[in-house]
Structure formats: C-alpha cells, structure tokens
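The values are calculated or read from the model by the stated rules, or taken from the named source; none is laboratory data. The structure displayed is predicted, hence computed values, not measured ones. Don't worry about glycine lacking a Cβ; one is built from the backbone with ideal geometry, like all the others, and counts go over all protein chains shown.
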Amino acid sequence: MTKYALFLTIPLIALSAGACGESTGKAGGSGGGSSGGDLPYTPQGCGYQVSAPDGTEASLGGDAVGSDPAPRHIHVSLVGPTDSTFAVNWYAGIDTTLSDLVYGADQKKVEAANGAADGVTLQKGHTVLYGSDSPLFKDQKTRVHEVHVCGLTTGTTYYYKVGGPGHWSKVESVATGPQPGGTKPFRFVVTGDSRNEPTVWAQVQQKVQAEAPDFQIFSGDAVNIGANQKEWDDLFAATTGSFKTEDYLATVALMPVNGNHDNLTVNYIAQFALPQVVSKGESAQGEEWYSFDYGNAHFVMLNDTSASTNTITAEGDWMKADLATVDRQKTPWIFAVHHKPTYSSASAHGSDTTLRAAWQPIFDKYKVDIVFNGHDHDYERSKPIRGFQSGGQNGQVASGSGANGAPQGENGTVYVVAAGAGAPLYSVDGDYFTQVHEKTRNYVVIDIDGRTLHYKAMRLDGSEIDSFDYPK
C-alpha cells in the first residue's frame, strides 16, 4: 500500500542539453526544513503533509490580488488516496497570492459560490514562486498555486473552480477513483515525449480526451529544456483548432515521471503535485520517484535520469520494499513507468542495459505486468520477457504466450515504448524481443476490468497500431 509522508530535499538545477542529447545536470542533495515560513503543512482534511522545492519562496496562500490574477494552465494530479483526494495546480501573476478553491457535487452551486456556501466547500492552498537557476533564463519568474482536496466520496464527480473572490476560473469537473482493491473497471492512457511540438501534444490530448480515460500516465520529456519556463507555458497552453489542452488537463489527472530533458528542474518539481514520500537517496522533496494505487492496480513511477548509479541502486531498494507490500489477490496489476527504455530497437538510443541489469530482476521477482518507457520517439512492444539468456544481459523471451504475444499466466513482463507525443520521430527496426514496432505518433489505452486487461496502441489518425487481451 502506498504511504504518504513528509520530507524536504534540495534540487540542484541545471540546464538540459540540446534536442537529441542527454541532460547535463541533476537534482541532488538532501536536507530538511521548509522553503517558506508556512510550509510544510497539512492541508485541511488530508492525512499527509506538503512541502515545496528548496530555493523557492513558498507559503500558504494569502489575499493579495495582483495585476494579473486570472487563473490559467489549471491541471489536476493525484497525491493522496486516489479514491478520495485530488490536487490542482495553476498559474497567476507573480504578485497574486490568493490561492482558493471551492468545490462541491452540485455544479450550479459551485458556479454561484463566492466562497464557502451550502453544498460548497472552500479549500485554501499555497503558492510557490520560483525562477530558473540557468543563467540563460535568469529573468524568468513564475508563481504556481497548489490546493489539495481530501476526504471525498469514492467514485464521485466533483465540480470546482480556483482563484478567489472576483477572480474565479470557470468551473471544472474531476472524478475520484474507484474503491482500492475493488473490481470496478477503469481506463488509463500512456503518452510521452511531447517536448518540441506543443501543437502535436495538443493533437494527442484531443485524441486522448475522446478515449475518456480516468487518468493519464506520462513517460517523461514534457519539454525540450526543463529550465525554460516558456516551454512549460507552451505545453499547458497548447491548442489545436478549438481544442485547448489546459481545459482537458483541468479535468483528468496527469501523472508524470522525470525525463532527461525535464531534468528534475525546479520548473518540473514545482508545477506538479505528486506523492511526497522520501526514501534514502531521493531528492525533490519525495517527488523524484513515487507510487500510487488506483482501483486494483499499483503504479511505480521511477526516475532513471541521474548521474549517480547510487541513485539507481537506492531507487531499486525502494522499489523492492514498495512492491513487497502489494497484495496481488486484491491488487493483481502492477505497472512501472520510467523514461529510458529497458528494451528498445530504435536507432537513436536503444535499450538501456544498465537499467535493465539493475531493475529487470526486480520486475521479474514481483511479476510487474507492463513497463512503460519513452525516450525513443516511436512505438514498440516487446514479447513477454522473464529472466536473462545464459551468459549475458539479453532478456529471455518467455514461452507460452497468448494471442499476438500477450502475456499468459504471468509468464513475463511486457516492455512498451510509447513516446510519440511531439518530439521528432526515430526509426525503429525491431529485434529478437520485439512483438510490434512502428515509427509513428502514438498513445496507449489500457482498460482494466477486474482481472482482465485490454490493451491498444493508437496512431493520431485514429487507427490502431497494436492490441491484445490479457486475462489473469
């Protein structure tokens, strides 16, 4: 079971390298204390504490209404128990500290409310003011507002708006997840590597919206240069025709992992509210890696972009402890997400054999069902893999697979590269471990219905690349 706790660590921010290169910096260090006089704090009704990146000006929301108080770039994420909480981030002008959210189950009451009212609850949050540690973007300043809402009813749609009296956003809706360990069906999508093309990202999000998922997993590299706030602004503000990405992300949670271009910059850390459970060797106040449960599935969200092999080892230790607590009778599904592919036949990067050697034995031991990656901008799905071939680190393709290379009887882990949401596409040729591969824009849709998984990978034109069913 995922736990929620508090710690504060210190990210050391550096600038990402060029479009096709590796990042040059890392988030490092660890320490305690608050980056603002009012933080860390426990949001009203929540069972966990919240802190903010060190080196930022963070405090509980005040009442200052600056020259540009209009909320924008609203986006939702999951921090506490997914059946009873949600968190919201948004931007406003840097001199606006008003950070209110009102919510309720009646849309009309929320629309009419100017604060707490009959059937409407007021929840206050905090703000984080930050700049870039990169000298190229030293003049950038951004204020992000964040509110956590807890104690909600399972499987219920809530309506909310953010800002404050006289400066509310339009009303948005968000739904809490199903009962943990239950069998109610749910759907999630996987996207990755939006990076250079906000318009393509918007096109992907428009297609994702039509799939009506309960939440979205993102496999890293949201932008090209993580320290450049303008690229983050463009990501959230991306449009295609009349479709606005920010309208969609205000309604369905986006759960990311760090990519080498995101680079664990303060921009990445401050703009997403994620579970803060600090383990040994972890930075970013516990948001460098994390896990969460949704329905009868468990997700481990990993950071594989680090200059330190010690971090990869520490993360593996955390992952073993985390996965050892999962009751597979109640939670039969386990998914892992990290940026650099464990198995890839793409021309640009290919398989990261260091990660494979460190983490595949853990995936094998705990019978992780699917590992989702990005980094290579294409689509590729492996055959089920369990263990290594004799005398090396090449994965052993499992025998006895189902139709179209589907796992059967937990015989192996499937490795998926789903990274076609904007970055330049790479050629992919296939290898001995490959089931399906294609150089194309893509996203993946997963339906969980009790102990049956339905999988499909889609192109942007609405056609299907790949699919399989996996019953347990």
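Among the residues of region 123-157, write down those that are out of contact with any Ser or Thr (no Cβ under 7 Å at 6 or more places or on another chain) and within 16 Å of ALA113 (Cβ to Cβ). If the condition is that a residue be out of contact with any Ser or Thr (no Cβ under 7 Å at 6 or more places or on another chain) and within 16 Å of ALA113 (Cβ to Cβ), then GLN123 is the only one that fits. From the list GLY409, GLY420, the lone residue that is more than 26 Å from the chain's Cα centre (by Cα), over 24 Å from ALA358 (Cβ atoms) and modelled with pLDDT under 95 is GLY409. Look at SER344 and say whether it is at pLDDT 95 or above, touching a Gly at 6+ places or on another chain (Cβ under 7 Å) and polar (S, T, N, Q). Criteria met by SER344. Of the listed requirements (1) among the acidic types (Asp, Glu); (2) under 18 Å from GLU438 (Cα atoms); (3) part of a helix (DSSP H, G or I), ASP364 misses just one: (2).
Please determine whether any residue of region 162-169 is farther than 30 Å from GLN329 by Cβ, modelled with pLDDT of 95 or more and of a type in the set (Phe, Trp, Tyr). Yes, because at least one residue in region 162-169 is farther than 30 Å from GLN329 by Cβ, modelled with pLDDT of 95 or more and of a type in the set (Phe, Trp, Tyr).
Every residue, every condition in (1) touching a strand residue (DSSP E or B) at 6+ places or on another chain (Cβ under 8 Å); (2) farther than 23 Å from VAL252 by Cβ; (3) without any contact (Cβ under 8 Å) to a residue 24 or more places away in the chain, yes or no:
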residue: VAL76; (1), (2), (3): yes, no, no
residue: VAL79; (1), (2), (3): yes, no, no
residue: PHE86; (1), (2), (3): yes, no, no
residue: THR96; (1), (2), (3): yes, yes, no
residue: VAL110; (1), (2), (3): yes, no, no
residue: TYR130; (1), (2), (3): yes, yes, no
residue: LEU136; (1), (2), (3): no, yes, no
residue: VAL149; (1), (2), (3): yes, no, no
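For first residues located in region 418-431 and surrounded by fewer than 16 Cβ atoms within 10 Å (Cβ to Cβ), partners that are in a loop (DSSP other than H, G, I, E, B) and among the charged types (D, E, K, R) and lie 6+ apart or on another chain with Cβ distances below 7 Å form the pairs SER427/LYS439. Take the conditions part of a strand (DSSP E or B) and touching a Gly at 6+ places or on another chain (Cβ under 8 Å) and apply them to GLN435. Does it pass? When the stated conditions are applied, GLN435 passes them.
Condition check for VAL371 on (1) under 24 Å from the mean Cα position of the chain (by Cα); (2) outside any strand (DSSP E or B); (3) more than 24 Å from THR240 (Cβ to Cβ): one failure, at (2). Does region 256-270 include one or more residues that are over 12 Å from the mean Cα position of the chain (by Cα), in a helix (DSSP H, G or I), among the β-branched types (Val, Ile, Thr) and farther than 26 Å from CYS46 by Cβ? Scanning region 256-270 turns up no residue that is over 12 Å from the mean Cα position of the chain (by Cα), in a helix (DSSP H, G or I), among the β-branched types (Val, Ile, Thr) and farther than 26 Å from CYS46 by Cβ. For region 405-413, the count of residues that are of a type in the set (A, V, I, L, M) and either within 24 Å of MET319 (Cα to Cα) or not in a loop (DSSP other than H, G, I, E, B) (or both) is zero.
For the residues SER242, SER219, SER194, the requirement of being closer than 19 Å to LEU274 by Cα and among the small types (Gly, Ala, Ser) singles out SER219. Per the listing VAL278, VAL223, the residue uniquely free of Cβ contacts under 8 Å to residues at least 60 places away in the same chain and part of a loop (DSSP other than H, G, I, E, B) is VAL223. Being over 22 Å from LEU39 (Cβ atoms) and crowded, with 18+ Cβ neighbours inside 10 Å is a description that applies to VAL110.
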